[in-house]
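Only one structure is covered here, and it is reproduced in the block below.
The values are calculated or read from the model by the stated rules, or taken from the named source; none is laboratory data. All values reported here derive from a predicted model rather than from experimental measurement. Here the Cβ positions follow ideal geometry from the backbone for every residue, glycine too, while neighbour counts run over all protein chains shown. For the accessible areas, the whole protein counts, side chains as well, though only heavy atoms, and no ligand, DNA or RNA atoms are used. Shrake-Rupley method; radii C 1.70, N 1.55, O 1.52, S 1.80 Å.
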Amino acid sequence: RKFLSGPMREKRFGGIVADWEDYLHLFANAHDESALGEASVCYLWSPTAPARIADRIPNAKILVMLRDPAERAFSQYLHGLSNGAIHWSFREHIQRNLRHRSGQFCVHYPFLELGLYSEQLGRYLQRFGQNVWVGFHEDFKNRPRELLRSVFQFLGVNAEFAPDMDRRHLEAQVPHLAAIGWLKRLGFWQTAARVTPSSLRPLIRRTLIRRPGATRINPEDRQFLVNFYREDIGRLASLLGRNLDPW
């Protein structure tokens, strides 16, 4: 039988689903799949999500993928540059987050908060116990098929299924010029792509967009984040019984 992950009919940009009936609509195209799933990066951070999930689906299986919190923060920043939401330096983005204490969703928040994993993960372990699978981005990067096999076994679906992993999704496409980000947000970039001959698109992309991985975190900014997350990483290491010294 099939395993359907993220069975949504349409993208929901910025759409937070709070109503149960609205949530069920996300699965309107599901049929006889042996497992259904969906995902949000905010579920781990949310202080209310574990209890709300448990109230509706007490036996839900929870998948958590953790990444070095400094690298996670920088990746989020790059995606903000990519879509034009951010047009300032990484350090300035950190400072804007530290100054933002209203608790309201915006481009500055949540940011650093998303990398404070220990308490967040603890809430899920308390609610769901053995039904929580925890993986690490580094393992997925180095041994993707092995990690996916572990996920499939945890979910009780065909562990021998081998998905096509040649194509990378949702990589940040950081523009050389900030104006490109604004064009993306206004929709002009997508319109231009549709009318540009397909033979010219790779050349234009190489000219205007930085190669994935070409933008690196400043060592001083990384050290700031290492210090910021140090105590929480220690608590997480104790919680999971895993050596997290590379972080």
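Surface composition of region 46-163: carbon plus sulfur atoms contribute 50% of the solvent-accessible area (1.4 Å probe, protein chains only, all chains present). Charge tally for Pro47 (other residues, Cβ to Cβ under 11 Å; Lys, Arg +1; Asp, Glu -1): 0.
Close amide H pairs (under 5 Å, H built 1.01 Å from N) link Ile62 with Val132, Trp133, residues at least 5 positions away or on another chain.
Convex hull volume per residue, computed on the Cα atoms of region 10-154, equals 144 Å³.
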